[in-house]
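J.: Below: one structure in structure tokens.
The values are calculated or read from the model by the stated rules, or taken from the named source; none is laboratory data. Only a predicted model underlies this, so the values are computations on that prediction, with no experimental measurement involved. Positions of Cβ are backbone-derived with ideal geometry, glycine not excepted, and every protein chain shown enters the neighbour counts. Side chains are part of the model used for accessible areas, which takes the heavy atoms of the whole protein and leaves out ligands, DNA and RNA. Shrake-Rupley method; radii C 1.70, N 1.55, O 1.52, S 1.80 Å.
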Amino acid sequence: MAHEDLEAVYITSPVSIAYLTGFRADPHERLMALAVRPDSATLVVPALERERAGANPEQAPVLAWRDGEDPYALVREALGECARLGVEKEHLTVLAAESLRSAVGARELVDVAPEIRRLRRTKTAAEMEKMARACAITDSVAEEVMQGLRPGQSELELAMRIGAAISACDAAPSFDTSVQSGANSAIPHHDPSGRKLEAGDLVLFDFGAAFEGYCGDLTRMAVVGEPTARQREIYAVVLRAHDAAIESVRPGVTTGHVDAAARHVIEAAGFGEYFFHRVGHGLGLEVHEDPSLDPRSNTVLETGMVFTIEPGIYLAGWGGVRIEDDVVVETGGCRVLSKADRSLRVVRSA
Ligand code: ZN
Ligand code: ZN
């Protein structure tokens, strides 16, 4: 990490702690932190997490506090007196900042969050193995659910099936599963409802499995009964945009360039105003992380970056189409990690 001039760094976001130490936990409202000094790193955890936090002898030594005790006494023990302290400003509460001031005399807080996010953008070989596994599980769940699709199933029922299929693979959902049918597919943030699949529906599935914390993220589409000409047309445009974006990915180009590659295709087909989100987002320990692939973004792609490609067209009252895959930047281009059937799957309506 740069900021060599810092006396100490105090990391509190569970994702950063997982990234830096391999210890994954959700402490809820309790204090959990990684306290780093030039010569030491200490995990301060709730007593509930002591056992798991200390399980790996390679890991940082652990200080555990019990409910009713003052965790900042342990923070003080780990950090000592420290006037200038690196913290994650997006995660540290004002209350925690005030407590640090009185516990360790931190008068100046320096934001190290952007640097940690930057480190996380490019994946190591060990991380890539987990990403690939997450994507493979996600692919198999997609196939299983597509094969079981029938008219009359509700969005909620399908979301539950996806959840059960992910669990059966010893994985966890990366995020709340999205199943959107008929006109609901045009609403980008729609929670699964009791609406049942019927003839003519487009059905959008957006979900992912996380393996050892690393997230897959996939969107696939089905149609109940033979697709109409318009459904076929819009699906074909989105698929062309998706392929154009993937084609454009290589080290040295910017994230904005990749967004533009998809956007040009959709604009040329006359649907520009109906593609109203970015083309993709970074993926890893979090389902949305750096880099963001939006129209104004200019992050230069590097090998090892992992992100989604997910153009979409949404026509209110009619329905929406999105196709999402996960890619890793490699020398000369990219490799698509998700391999689930990319076609518009047709469900027999009778
Ligand atoms: Zn998604
Ligand atoms: Zn996504």
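J.: In segment 178-209, how many residues are of a type in the set (Ser, Thr, Tyr), crowded, with 22+ Cβ neighbours inside 10 Å and either outside any strand (DSSP E or B) or outside the structural domain of residue 220 (by TED's automatic domain parsing) (or both)?
T.: Going through segment 178-209 one residue at a time, the tally reaches 1.
J.: Answer yes or no: is there a residue in segment 213-228 that is open to solvent by 10 Å² or more (accessible area, probe 1.4 Å), touching a Lys or Arg at 6+ places or on another chain (Cβ under 6 Å) and within 16 Å of ligand 2 (Cβ to nearest atom).
T.: Yes, segment 213-228 contains at least one residue that is open to solvent by 10 Å² or more (accessible area, probe 1.4 Å), touching a Lys or Arg at 6+ places or on another chain (Cβ under 6 Å) and within 16 Å of ligand 2 (Cβ to nearest atom).
J.: Right, another one. Any residue at all in segment 281-299 that is assigned to a loop (DSSP other than H, G, I, E, B), modelled with pLDDT of 95 or more, within 15 Å of ligand 2 (Cβ to nearest atom) and open to solvent by less than 10 Å² (accessible area, probe 1.4 Å)?
T.: yes
J.: Okay, next question. Of the numbered conditions (1) within 16 Å of ligand 1 (Cβ to nearest atom); (2) under 26 Å from residue 328 (Cα atoms); (3) not in a loop (DSSP other than H, G, I, E, B); (4) not β-branched (Val, Ile, Thr), residue 175 fails exactly one; give the number of that condition.
T.: Residue 175 satisfies every listed condition except (3).
J.: For segment 55-73, check the following and say yes or no: at least one residue is touching a residue at least 12 places away in the same chain (Cβ under 8 Å), in a loop (DSSP other than H, G, I, E, B), open to solvent by less than 40 Å² (accessible area, probe 1.4 Å) and under 19 Å from residue 87 (Cβ atoms).
T.: Checked against the condition, which is being touching a residue at least 12 places away in the same chain (Cβ under 8 Å), in a loop (DSSP other than H, G, I, E, B), open to solvent by less than 40 Å² (accessible area, probe 1.4 Å) and under 19 Å from residue 87 (Cβ atoms), segment 55-73 yields at least one hit.
J.: Right, next: Filter the strands (runs of 3 or more DSSP E) completely within segment 1-47 down to those with at least 2 residues that are open to solvent by 10 Å² or more (accessible area, probe 1.4 Å).
T.: On the way: elements: 8-11, 33-37, 40-46.
Ranges flagged: 33-37, 40-46.
J.: Related question: Given the residues 33, 25, 47, which is the only one that is of a type in the set (A, V, I, L, M, F, W, C) and within 24 Å of residue 84 (Cα to Cα)?
T.: Details: 25 fails: within 24 Å of residue 84 (Cα to Cα); 47 fails: within 24 Å of residue 84 (Cα to Cα).
When all the criteria are applied, what remains is 33.
J.: Same structure again: Restricting attention to segment 300-321, and to residues there that are under 17 Å from the mean Cα position of the chain (by Cα) and within 16 Å of ligand 1 (Cβ to nearest atom), which single residue is most open to solvent (accessible area, probe 1.4 Å)? Full working, then the answer.
T.: Applying the first criterion (under 17 Å from the mean Cα position of the chain (by Cα)) to segment 300-321 yields 304-311.
The next check asks that each one be within 16 Å of ligand 1 (Cβ to nearest atom); those that pass are 306-311.
Working: 306: 0, 307: 0, 308: 0, 309: 0, 310: 19, 311: 0 Å².
Going through the qualifying residues, I end up with 310.
J.: Something else now. In segment 262-299, which residues are within 16 Å of ligand 1 (Cβ to nearest atom) and acidic (Asp, Glu)?
T.: Within segment 262-299, 286, 289, 294 meet the criteria.
J.: If residue 149 satisfies every condition in (1) over 15 Å from residue 221 (Cα atoms); (2) among the aliphatic types (A, V, I, L, M); (3) in a loop (DSSP other than H, G, I, E, B) but one, which is the exception?
T.: The single condition residue 149 does not satisfy is (1).
J.: Can you pull out every residue in segment 77-125 that is without any contact (Cβ under 8 Å) to a residue 60 or more places away in the chain, of a type in the set (Gly, Ala, Ser) and not in a loop (DSSP other than H, G, I, E, B)?
T.: Once the filter is applied, which keeps residues that are without any contact (Cβ under 8 Å) to a residue 60 or more places away in the chain, of a type in the set (Gly, Ala, Ser) and not in a loop (DSSP other than H, G, I, E, B), segment 77-125 yields 78, 97, 99, 102, 103, 125.
J.: Here's another thing I want to ask about it. For segment 143-158, what are the residues that are under 14 Å from residue 196 (Cβ atoms) and open to solvent by less than 20 Å² (accessible area, probe 1.4 Å)?
T.: Applying the first criterion (under 14 Å from residue 196 (Cβ atoms)) to segment 143-158 yields 149-158.
Those that are under 14 Å from residue 196 (Cβ atoms) and open to solvent by less than 20 Å² (accessible area, probe 1.4 Å): 149, 153, 154, 155, 158.
J.: Of the residues that make up segment 144-161, is at least one within 16 Å of ligand 2 (Cβ to nearest atom) and within 27 Å of residue 317 (Cβ to Cβ)?
T.: Within segment 144-161, the subset within 16 Å of ligand 2 (Cβ to nearest atom) is none.
Within segment 144-161, not a single residue is within 16 Å of ligand 2 (Cβ to nearest atom) and within 27 Å of residue 317 (Cβ to Cβ).
J.: Sticking with this structure for a sec: Kindly provide the set of residues from segment 38-54 that are of a type in the set (A, V, I, L, M, F, W, C) and farther than 15 Å from residue 28 by Cα, ordered by number.
T.: If we filter segment 38-54 for residues that are of a type in the set (A, V, I, L, M, F, W, C), which is where we start, we get 41, 43-45, 47-48, 53.
Result: 41, 43, 53.
J.: Let me ask something else. Within segment 178-202, can you find the residues that are within 15 Å of ligand 1 (Cβ to nearest atom) and hydrophobic (A, V, I, L, M, F, W, C)? Break it down into steps so the answer makes sense when it comes.
T.: Step one: filter segment 178-202 for residues within 15 Å of ligand 1 (Cβ to nearest atom), giving 178-180, 185, 187-192.
Selection gives 179, 187.
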